[in-house]
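Trainee: Handing you a structure now.
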Amino acid sequence: MKSFRDAAHLIRLAVLFAAGLLVFSVARAALVPKDFGTLGHYRAGAIDDVRAKPIAYAGQKACAECHLDVVDLRAQARHKGIACESCHGPLATHAADPGQMTPARPEARPLCVHCHAANTGKSTRYPIVDVTDHAGDDTCITCHKPHNPKLS
């Protein structure tokens, strides 16, 4: 009987572990959606949820239909591989009806700095600048054209 009394702390630990496992199982059953796992490690209903959202981005071709001058300018520039909506934001509404929405011009300095600020993780071939040394308080478009950033 003495050995059983010494094992009481192990029994309490086992009961505590079993209670935790029970709480976890009940919480998992209550919180994990029923359709989770039918398409791998995903919730099948997520596809319908995403499909129900309105389209926000128009795509490069939609921009090129009206803005041929910018397409021609960018074709010779380093920014030719960057999609219009990367800088200008989602413009499906504008592409569908240009009169309904006029996109705002992005503020150049923070936008340019987002990609061109000095960062040790970037390739040395990527044009990076220390903005304060490079331009002082001036905005980037003082010297650069946004669609073709060679010095103007």
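Trainee: Quick one: 3J(HN,Hα) in Hz for region 114-125, Karplus 6.51/-1.76/1.60 with θ = phi - 60°, rounded, Gly and Pro as x.
Mentor: 3, 9, 9, 5, 4, 8, 5, x, 8, 5, 5, 6
Trainee: Using amide H atoms built 1.01 Å from N in the peptide plane, name the residues 5+ places from Arg43, or on other chains, whose amide H lies under 5 Å from its own.
Mentor: Close amide H contacts, sequence-distant or interchain: Gly37.
Trainee: On to the next question. What list of ³J(HN,Hα) values in whole Hz, one per residue of region 82-99 in order, does the Karplus curve 6.51 cos²θ - 1.76 cosθ + 1.60 (θ = phi - 60°) give from phi, with Gly and Pro shown as x?
Mentor: Values per residue, Gly and Pro as x: 9, 5, 3, 6, 5, 9, 8, x, x, 10, 4, 5, 5, 5, 6, 8, x, x Hz.
Trainee: Using a 4.7 Å cut-off between beta carbons, which cysteines in the chain end up with no partner cysteine at all?
Mentor: So far as the 4.7 Å Cβ criterion goes, Cys66, Cys87, Cys115, Cys143 stand without a partner in the chain.
Trainee: Using helices alone, I'd like the mean residue ellipticity at 222 nm for the chain: each DSSP H run of four-plus residues gives -39500 (n - 2.57), total over residue count, nearest 500.
Mentor: -13500 deg cm²/dmol
Trainee: If you don't mind, another one. Kirkwood Rh, Cα Rg: Rg to Rh for region 105-152?
Mentor: Looking at region 105-152, the ratio lands at 0.95.
Trainee: Along its three principal axes, how long is region 9-48 when you only count alpha carbons? Whole Å, largest extent first please.
Mentor: Largest first, region 9-48 extends 51, 16, 9 Å along its Cα principal axes.
Trainee: Continuing with the same structure: Taking every pair of alpha-carbon atoms in the chain, give the share separated by more than 28 Å as a whole percent.
Mentor: Tail of P(r) above 28 Å: 55 percent of Cα pairs.
Trainee: Quote the convex hull volume per residue of region 74-129, based on C-alpha atoms, as a whole number of Å³.
Mentor: Output value, Cα hull per residue: 103 Å³.
Trainee: Hey, got a sec? Which trypsin sites (Lys or Arg not before Pro) in region 16-94 land in a DSSP loop and have at most 12 other Cβ atoms within 10 Å?
Mentor: Answer in residue order: Lys34.
Every number here is computed from the coordinates shown, using simple stated rules; none is lab data. On a predicted model such as this, the values are computed, not experimentally measured, just so you know. All Cβ positions, even for glycine, are placed from backbone atoms using ideal geometry, and neighbour counts span all protein chains on display.
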